[in-house]
Amino acid sequence: MFPQDFSKLEVIGEGKTKIVRRMEDPDLVLLEFKDAITALDGGKKDTLTGKGHINARISSFLFEFLSKEGVPTHYVSFIEPNYMVVRRLKMLPVEVVCRNIAAGSFTKKYPVKVGSRLKYPIVEYYLKDDLRHDPMMNEDHIVVLGILPSIEEVKEIKELVLKVNKSLSNFLDSKGITLVDFKLEFGRDKDGKICIGDEINGDSMRLWDKETGRVLDKDVYRQGKKLGEVLETYRECYRRIIGEEPKV
Ligand code: UDP
């Protein structure tokens, strides 16, 4: 059913949920989305058949949508069932989180109720450093630690994240979904331009049903729900965003 076999392509990187493979064109890489699901810094791990397909397709769909909105991303094309061709970026060691509604670590750290809408969207920066447990940084940290050369580029990233937030929130709202919060990663392309990399799907966003509050993202796994229910949640997320049944 899916004739392409990329298993012969050299692996140049592997994380918990994706494998990065070299392509003939040195400016491109192939991202293979695995069926693995993890939480608690990798302490909890399972296999969900079809998750790789679902997350590759949702990421591709949302990157295409953002490209049309004028947002620079690494996305090039989707290959069924679970591959994304992307431009090779030099990634920045930063995770940028944007929050519309209080949830997750934000409600553990600060005196704010889960589910309360924030006065305006918050942007947070975290250093990608497992040994240091990804400490939060402010804009000055990013420049002083040499991650970006100037505060102007930090502001450029913040503006991009807020633009993505507006576009994605509106789009998801039209599908009956509230965008609670999400995480983006950035890198530079071969011309030095800052672009969004990595992925955008139910592993990197909190998504709640607009009417019922039903959780449509990885939180169901973090909460310890049965794997059948977790898979059904990913499938429902796919149906809502893509508008059809997953193919795997
Ligand atoms: N997030 C992510 N990767 C991380 C940490 C967070 O994709 O390593 C996403 C997470 O799914 C959520 C948002 O960023 O949509 C904010 O996460 P939070 O800081 O609340 O952390 P969590 O409670 O998820 O650990």
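Within the set of pairs 6+ apart or on separate chains, which have a first residue in region 158-177 that is charged (D, E, K, R), a second that is part of a helix (DSSP H, G or I) and surrounded by 15 or more Cβ atoms within 10 Å (Cβ to Cβ), and C-beta atoms under 8 Å apart? Cβ pairs passing all conditions: 158/139; 175/240; 175/241.
Screening region 13-33 for residues that are aliphatic (A, V, I, L, M) and not in a loop (DSSP other than H, G, I, E, B) and picking the one that is nearest to residue 56 (Cα to Cα) gives 31.
Residue count for region 96-145, restricted to those that are within 11 Å of the ligand (Cβ to nearest atom), among the charged types (D, E, K, R) and under 17 Å from residue 179 (Cβ atoms): 2. Inspect all residues belonging to region 172-179 and state whether any of them is within 16 Å of the ligand (Cβ to nearest atom), open to solvent by 70 Å² or more (accessible area, probe 1.4 Å), outside any strand (DSSP E or B) and closer than 23 Å to residue 75 by Cα. No; the residues of region 172-179 include none that is within 16 Å of the ligand (Cβ to nearest atom), open to solvent by 70 Å² or more (accessible area, probe 1.4 Å), outside any strand (DSSP E or B) and closer than 23 Å to residue 75 by Cα. Here residue 235 fits the description: under 27 Å from residue 20 (Cα atoms), of a type outside the set (S, T, N, Q) and open to solvent by 10 Å² or more (accessible area, probe 1.4 Å).
Might you let me know whether region 78-91 holds any residue that is within 30 Å of residue 23 (Cβ to Cβ), within 15 Å of the ligand (Cβ to nearest atom) and open to solvent by 10 Å² or more (accessible area, probe 1.4 Å)? Yes: one or more hits. Please go through (1) more than 28 Å from residue 159 (Cα to Cα); (2) in contact (Cβ under 8 Å) with a residue 24 or more places away in the chain; (3) over 15 Å from the mean Cα position of the chain (by Cα) for residue 29 and return the number of the only condition it doesn't satisfy. Status for residue 29: all satisfied but (1). Residues that are open to solvent by less than 30 Å² (accessible area, probe 1.4 Å) and either at pLDDT below 95 or not basic (Lys, Arg) (or both) are absent from region 222-229.
The values are calculated or read from the model by the stated rules, or taken from the named source; none is laboratory data. Quick caveat: nothing in here was measured; it's all calculated off a predicted structure. Cβ coordinates were reconstructed from backbone atoms using ideal geometry, including for glycine residues, and neighbour counts include every protein chain displayed. Quick note on the areas: whole protein, heavy atoms, side chains included, nothing else; ligands and nucleic acids left out. Shrake-Rupley method; radii C 1.70, N 1.55, O 1.52, S 1.80 Å.
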